[in-house]
1. Describe numerically, in nm with one decimal, the distance between label points set 7 Å from Cα along Cα→Cβ at residue 137 and at residue 72.
2. What number in nm² do you get for segment 86-172 if you take the convex hull of its Cα atoms and divide its surface by four?
3. Among 63-74, 32-43, how do they line up by average Cβ neighbours within 10 Å per residue, starting with the highest?
4. Quick one: length gained pulling residue 56 to residue 162 fully straight, 0.36 nm per residue minus the C-alpha distance?
5. If contacts are Cα pairs under 8 angstrom and at least 6 residues apart, what is the relative contact order of segment 46-145 in percent?
6. Starting from the Cα of residue 153, move 7 Å in the Cα-to-Cβ direction to define the label point; list residues of segment 100-121 whose amide nitrogen is under 18 Å from there.
7. What base-10 log of the normalised intensity I(q)/I(0) is obtained for segment 58-122 from the Debye formula, alpha carbons as equal point scatterers, at q = 0.17, 0.21, 0.27 Å⁻¹?
8. With the crude spin-label approximation of a point 7 Å out along Cα→Cβ, what separation in nm comes out for residue 146 versus residue 64?
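Just so you know, all these numbers are worked out from the coordinates, no wet-lab data involved. Because the structure is a prediction, the values reported are computed rather than measured. Neighbour counts run over all protein chains shown; Cβ positions are idealised from the backbone, glycine included.
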């Protein structure tokens, strides 16, 4: 089963290589959607439970709203670890542009399945994340993010998990 992350990563890179490059002139719906592909280390702070992870997240640009808290939007995503632990989530993120640097904090409740991975104590988990990304082109970013997943003491135990990821964000 240790080969499943390699297969997932190969599919991910194949998708990126074959994904058509769009421009604003060719597509009137340009930048309607944003996909965030990421890979990294799940629970890097626990030597016995650390595992490679892969995931993706979707944001619909039509639902973005400017507020006193910044640019707010809903996000939905899914991640899986090499130990077949999985987390499906939906929540909210804010985006702050500082020139070419983007700071994106988010909060996303979701459902966690342990698989052969770490027992986080409950099926309902909450992910708090901060992402720093750099605008590469008009429709893509490269970034780094850190998150903490916890059940907020809903279960009898709440060990939590700290993860870091490298992100590729594509708008189309």
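1. It works out to 3.3 nm between the two label points.
2. It is 6.1 nm².
3. Result, highest mean first: 32-43, 63-74.
4. Length gained, residue 56 through residue 162: 36.4 nm.
5. Reported relative contact order: 19 percent.
6. Backbone N within reach: 120-121.
7. The calculated log intensity ratios at q = 0.17, 0.21, 0.27 Å⁻¹ are -0.69, -0.85, -1.10.
8. 2.6 nm
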